[in-house]
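This report refers to the structure that appears directly beneath it.
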Amino acid sequence: MSIRKKRTGYTTAVSVAAGVVRVLVYIAIIVAMIFLGRQAYSIGYSVFHQEPLTSEEDAEQSVVVITDDMSVSDIGKTLRDAGVIDESTIVFVLQERLSDYHDKILPGTYILDTSMTVDDILPILTQENTEGQPGAAESEEDADTSSGTAEGGTKV
């Protein structure tokens, strides 16, 4: 009978230990879910709640050069290094991916300022908004002369 008591004590101890481990695993999962939820909220808030770095009165301009071989992540890092945006690279990538300008950024030299949000910057980088950008006046003149002249060279 003493062998049976030893086995019963052993199985009871194993059962208690297994229960404790199970509870610790559940606690670890709950803590991980809370941590990941907070991170997801923080990133989501940054993506959808954009604020410029400065007001229009205090805006500082920067010249940013985008090359053909740059990825969206590289562009985000370049904008952050130029002091135009404050978002992390992953936030900029998500903002670009969720916008209407996904995969439309064109290489070029752009003048941006700190009063712009990513929603203001993306139309410029896709050259859909060329107001105040280098080469914009030249392209407007080309459009006027090519679309508004007849064969004799006079405006219609």
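Annotations
- Filter pass, ALA82 being surrounded by 11 or more Cβ atoms within 10 Å (Cβ to Cβ) and either in contact with a Leu (Cβ under 7 Å, 6 or more places away or on another chain) or of a type in the set (A, V, I, L, M, F, W, C) (or both): yes
- Once region 24-47 is narrowed to residues that are closer than 27 Å to ILE124 by Cβ and among the β-branched types (Val, Ile, Thr), the residue that is surrounded by the most Cβ atoms within 10 Å (Cβ to Cβ) is VAL47.
- Unique residue being surrounded by 14 or more Cβ atoms within 10 Å (Cβ to Cβ) and over 14 Å from the mean Cα position of the chain (by Cα) when the list is GLN95, GLN127, GLN50: GLN127
- The set of residues in region 53-77 being free of Cβ contacts under 8 Å to residues at least 24 places away in the same chain and either small (Gly, Ala, Ser) or surrounded by 10 or more Cβ atoms within 10 Å (Cβ to Cβ) (or both) consists of SER71, SER73, ASP74, GLY76, LYS77.
- Annotation: of all residues in region 98-113 being buried (at least 17 other Cβ atoms within 10 Å of the Cβ) and not small (Gly, Ala, Ser), the one that is farthest from LEU125 (Cα to Cα) is ASP113.
Read the figures in this text as sums done on the coordinates, not as results from a lab. Because the structure is predicted, anything quoted here is derived from the model rather than measured. Glycine gets a Cβ as well: all are built from the backbone with ideal geometry, and neighbour counts include every protein chain shown.
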